[in-house]
Each structure stands twice: as C-alpha cells, then as structure tokens.
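Data block below; observations after.
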Amino acid sequence: MMNAKTDQATSAERRRNHLLEVLVRRRWQLFGCLLLVCGIAFAATSLRRPKYEAAARVQVTKDQPQIGGMASLVGGADRDYFSTQCQLLRSRRVLAQAAQNLNMSGGHWVFSDAGVKELQQSIKIKPVPGSRLIDIVATAETAPKAAAIANQIAAVYIETSARARQATNERLIARVQEQIDRYDDESVQMEETIRRFRQENLITGANSTMTAVESRIARLEAELTQTQMKRLSLESQRETYRRMLASGQGLTVEDQSLPELDEEATTRTMRQELRLLQQQESRMAKVYLPGHQKLRDTRVRIAELQAELVDHKRNLLQSLMENATESYAATVAQEDSLQQVLNQQKEIGVKLTAQNQEYQKLLNEAKMIQQFKAECLAKIRQFTLEEGMSVSPVVVVDAAQVPQAPAGLSKAHQAASILLLGLVFSIGFTFALERLGGGRPPEEAAQAAQPPLCIPGPNGRPIWVWPHQAAAPCPSPSPLAGADAFGGSPDMTGLLMGQIEPIRLGGDSESDTAFAGRCRIVDMDPGCSAAQQLREISSNLLLRFGETRQTMVVTSVLPRSGKTTCACALAISLARAGRQVVLVEANASRPALQRVFRAAAGSYPSAGDAMADPTLLEEALRPTDVDNLSVLLHSSEDPFPNERTESSLLQMHDRLHRRFDWVIYDAGAVQQDLTKELLQVVGKSICVTSGSENPQEVRGVQIQVELGGAVNVGVIENAHLSDRSGEPDRQTMFSSKSLTV
C-alpha cells in the first residue's frame, strides 16, 4: 500500500515538472502569443465606441373593464395580453411619440422620421420570465441620452395604455347603452303582449272571476259533505229497520224499541191501556178464583191488546223503512248532482289558475326586463372618469438612472480579462505546439488512458478523480473550526446551509410597489437565486412535515431582519404547491402585510380584532390573488388591541389550524410580548437573522424560545447590503440561506 502511494506521488511530481519544462522551453512563443493576443484585444477595445445602457422597469396588470360585471362584453384572451403589450412597446406609434417628446424636451437629440427606426434599434424589450415585469433597456452613445430614451418610452407607454383603457371603457359604455335600448324595445313588446292577454282572457285588476269560482267551490264542497253525512245516516237507519223487521226484535211488548216506535201516540195509548189491564188482572187474581169469568175475560183482553200492539209496531216500522228508503234515494241523487256541479267548477278553476299563472309569468318577465335596465343605468351613472377611465394599467417600478459607466466591463476589468484570457490562450497555444511536436511524457499518456474513479468527498458528496489522484488524501475541516468551515456562524452549524445572492428587485426604492415585489419574489422574478432558494426551503418543509397540518411563527433577533419577505415567500410557495395557507399579521410594532396584499385590504375586522374576539375571524379572513392563500391583515395606522388573552389567541389558533394546512404568523422580534404569547400558543418558530447579530445572541434567543415551550425549526439568514458610507441600508436586500429541515 505504501509503495503504491509513493509511486503515484512520484508520477504526479514528474508530470508537474514536465509541464514546467514545456513552459520554460517555449517561453518566447508564450510571450509572443500573449503580446499578440493582448495587443489585438487592447486595440479593438480602444477603437470601439463606448455604449451606455439604461433600463426602466414597468409592471403590467391585466386591463379589466371598470364597469363591474360587464367584462364579457369586451372579451380578450388573458394569455395573449402580455405578449401584446410587449409588441406595443416596440410599435412605431409609441416610438414616434417618444421621439417627438425627446425632440421637445430641450435635449440635443433630434429624431426624424428615419430616426425612429434608429430609435427602434437602440432599445431592447426584455420581459422578466414568470412575472408581469418588463425591462425597457435603451442603448446610446451618452449616458443621459440612454436614460432619457428609456424613461420617455416608459412614459409614452403608460400614456398610450391609459388612452387605450379610456377608449375601451367608452366602447363598453356604448355597448351597455345599446343593451339598454334593447331592454326598452323588449319592455314595450312585453307591455303590448300583457295588454292583449288581459283583453282576450277578460282579466281585471281585482281578478273577481277566480274569487267567485273559489267561493262556489267552497260552498259546494260544504253542501256535498252535509249530503254525504245525511246519506250515511239514512243508510244506517234503513239497515236498522230492515234488520228489526227480519228478526222481530223490538216489536214485542217487553222489548225496548226505537224511539220512533215507542214515542208514537197510538203506541203510548196502547201501552198505557195494557198497563192498566195488567194492574186490574193482578188485583182480580187476588180476589177471584183462577177460573172466574171476569178474570178470564181480562186476560183475554190483555192478550188481544198485546197482539194489536205488536202489529201496530210492525206496521209503523214498515212505514218508517219506506220513508227512509225514499229519503236515501233522494239524498243519493242530490249527492250525484252536487258532485257533478263541483267537478265543473273545479275544471273552471283549473283553467283560471293556468291563465293566472301565464299572466303572472308575463308580469315577472316585464319586471325582470325593467330590473336589468335599471342595473345597467346604475352602472353607467357610477362609472366616472375619475374612477377608472384614465387610469393606466402600467406602473413604473424602477425608473432608468443615468449610468455612471459604459455598458459592459470597466476599464480595469477589461484589462484584467484581456490579460487573463490572453494568458490562458497563450498557455493553451504553447501546449498545443508541444503536443503537435510529440513532447507528451509516457506517464501522462498512461494515466489519461485510465477511467476516472468516484470517491466520497466532504458532506458525503461524490468527487470524480483520476486514478493517480485517488490516493491523495482529502483535507477535512478541523473539528474545532465549527461552522466557519462552511461559511456560517459558530452556533449555527446544524441550521444553515448555502447562500444566495441578494434580492435586487426594486433597487433602493422603499415604495409599496417595490416592497410588495420583493416580498412576492417567487412570483415576480422566479428565475433569480433568492426565489429558487426560498422555494427550496418550502420544498424541504413539505418533505419534512408531509401532509400534516403545521403552524409556524416567523420571528427574529432584531427588528427589520426581513421576516415579512421570508414569511410571504414561504406562504406563496406553499400555496403554489397546493396547500391551503393563511398568512397572519402578528407584528405589533411594524405591520407590513397590508403593503404586500393591497387588493385584500378594506374595511374589515383586523388581525388584532380577531385575536381579541375569535368570533370575528371568518369576517376578517380575506382571499388573495394567489390561489390557496388567505391573509389576516392589520392596518399600520391602528395599534394592536390589548384586550387579547391567552384563551382568545388559543381559540383563534385552533380555528385556523382546523381550517388551513399551513398557518404562518409574520411576527415581530422575539422580545415583543405578542411574539412571546404566540410562541407559547403555537410551539414552533422559524428564526430570521441578518447575519450581523452576535452568535451568542442568536443562541440566547434560541434558548429563550425553547424555554418558552416552542421549538426552533430552523434559521433563515439574510444579508444586508451597505451603502457607500458603510452604514447598513435600512432597505433589506435578502440573501436567504436554506433551512435545515
């Protein structure tokens, strides 16, 4: 093993010595080629006229009609709108107006009709991929001229867009007016149709015909019900009479009979006489012997009277049955007659009901036409010039500044580049001559014929080396080096990974538009390294937590460390990944989310109100123009209320946690009371640092977070750019380091 390593080291040493020999032996050829290449490059650079570039950046929004609900009258494909705006910037109309304005601005630039083509060749329109931004880059022989051209084209483009919007809205008003005229014609035709219908069907205002029919139907139904009850009663009586006649029940003297039989006058007289004879027979039975003639005569009379009473009852019952049969037949006939009349009246009622329904349908259609007409008139009355006709859909994000140096590299960089490239070219030319001359050592040829090997490198990453290099030991960082070996602070070794360039969107501007653009960098400029790194952080979070619902408090050690930018970027990235996300304003000292999501702002309950009273949460939640993302905003002009309690915060947090997949609180510094309360309720945090804090302070904050019952998921480090005076720029230009998850 030792011999193999020694042989490889000796071979590498020989190869290096051979390379040095080639350079020394062909030094004059090397110097000659270097002088020739550098001379030609310096001459070409000196003779080339300097060009200055200035860029103005504008933001284009979809030009929607200003009359609500009337967008379908205008039309237009959304995917073609942005490309159309880029073509408009290159159009002769915009460039001619810009040339005219430049001629009138007092500058020493004259653009004739033929010069418009020159102006068209001196500009470049560069849409920012994945965003609604367009860079207008102007190239000129002087710096002021380049800046003037870029700014003037941007101004003319804004003015042209405003005029186009005004013309579109005027056309829209004309179309709405045409719709109103059509409603007028339809209303006149409908009134004529209603008038003819009333005449043909004899419809009056009170609708008395239908009322009379309904009254007759109700009366006939009542009479029919009474007749049916009477028929049932007569049928029952007739059946009773028939049964009594057939069985003889109730016809004898001792049986209880019907009241109609017992209460009849003859029956009462005969029963009274029978009782007297029975009393007389009872007295005589006590006085006379059983065979006495008077006693026998009395008993014969009693028997005869009983027979007469039975016959009388039978005859009377027969008469009652006949009367009941006749009344039953008459009642049935009356019932059939009433049923026929009732059916006729119901048919008339059905016809009148269909007629009234048709009439009501005509009245409703006429009312709907009048309502549509009134809505169109109201929309036209509300639409004024101040409310939208002259507002341009284009705004300037960054105005072009006068460039301080020509485009391309500076003189020093050009000289260094020429020397470096000349040296590389000369060395390559020298070795090419050596190869052509057959001066390649045999050890090098043998090594080149062998395939490369893969060996593990630092951090577990594979490294491809040639076989003669594989035996060389790889340097490893010292265990005492801490995170400095990886570019981080000593206490952040396990939390920070990598670094990206700062966000340059908006330059030094602190306007709401520039600030919102930086906070929405993942959408505005998705190709930049900051956007890629922030998306990588969100992807790592999704890989770690999967489909589970999560809540995070984004906090920092010091104020103005970039919490809002990181929170917004993470929320937008997670929403774009299909998660339901809510972003909550929780910075009691400097609320800034309202500057980012201005479209969602309005007169609604704020985040502070929802923290104090969780019942206002549903009304306070607002959707945004980003799918799956909602916000809970708080105005910077209103202080956070102090009525909140830990119970109210916990209730609001539970409701948000049940409704959304990810809840992200944009909190203030960890020293704020509201941040401490949220850390206790939520239990997880992401710390944002600017890189300027003392590592011991960062570690102390992490300890405070953990003692408060929360877990620090990771750290995002952001770098501040400094101005020329050396003091930190208060506008945070972020350079995120990925989050270990």
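Some notes on this structure:
- Cβ-based exposure ranking for GLU221, GLU170, in which fewest neighbours within 10 Å come first: GLU170, GLU221
- Around LYS145: net Lys/Arg minus Asp/Glu count, Cβ-Cβ under 15 Å: -1
- The calculated FRET efficiency for the pair LYS361 and SER636, based on their C-beta separation and a Förster distance of 41 Å, comes to about 0.15.
- Pairwise FRET efficiency - GLU141 versus ILE40, Cβ, R0 = 22 Å, nearest 0.05: 0.35
- Gain upon complete extension [PHE425, GLN280; 0.36 nm per residue less C-alpha separation]: 35.4 nm
- Exposure proxy shown here: for CYS33, CYS568, the number of other Cβ atoms within 10 Å sets the order, fewest to most, as CYS33, CYS568.
- The charge dipole of region 208-382, taken about the Cα centre with unit charges on the Cβ atoms of Lys, Arg (+1) and Asp, Glu (-1), comes to about 540 debye, rounded to the nearest 20.
- Modelled spin labels at LYS117 and GLN249, positioned 7 Å past Cα toward Cβ, are 12.8 nm from each other.
- Local net charge near ASP613, Cβ-Cβ under 13 Å (Lys/Arg +1, Asp/Glu -1): -2
- Karplus-derived HN-Hα couplings along region 370-377 (A = 6.51, B = -1.76, C = 1.60, θ = phi - 60°), whole Hz, x at Gly and Pro: 5, 5, 4, 5, 5, 5, 4, 5
- Full extension of the segment from GLN318 to MET368, taken as 0.36 nm per residue of separation minus the current Cα-Cα distance, would add 10.7 nm.
- Protection proxy ranking, peptides 643-653, 20-30, average beta carbon neighbours within 10 Å, highest first: 643-653, 20-30
- 14 Å beta-carbon shell around VAL156, net charge (K/R +1, D/E -1): +3
- Given charges at Cβ of Lys, Arg, Asp, Glu: region 208-382 dipole, positive-most of LEU295, LEU309, ALA366: ALA366
- FRET efficiency, GLU646 to SER539 (Cβ-Cβ, R0 22 Å, nearest 0.05): 0.05
- Selection of GluC sites (Glu not before Pro), region 232-304, meeting DSSP coil and at most 12 other Cβ within 10 Å: GLU254, GLU263
- Once the mean of 1/r is taken over each pair of separate Cα atoms and inverted, region 498-739 shows a Kirkwood hydrodynamic radius of 17.8 Å.
- Once the chain from GLN87 to GLU178 is taken as fully extended at 0.36 nm per residue, the excess over their C-alpha distance is 29.5 nm.
Rule-based calculations on the coordinates, nothing more; no lab input. Source: prediction; values computed, not measured. Neighbour counts run over all protein chains shown; Cβ positions are idealised from the backbone, glycine included.
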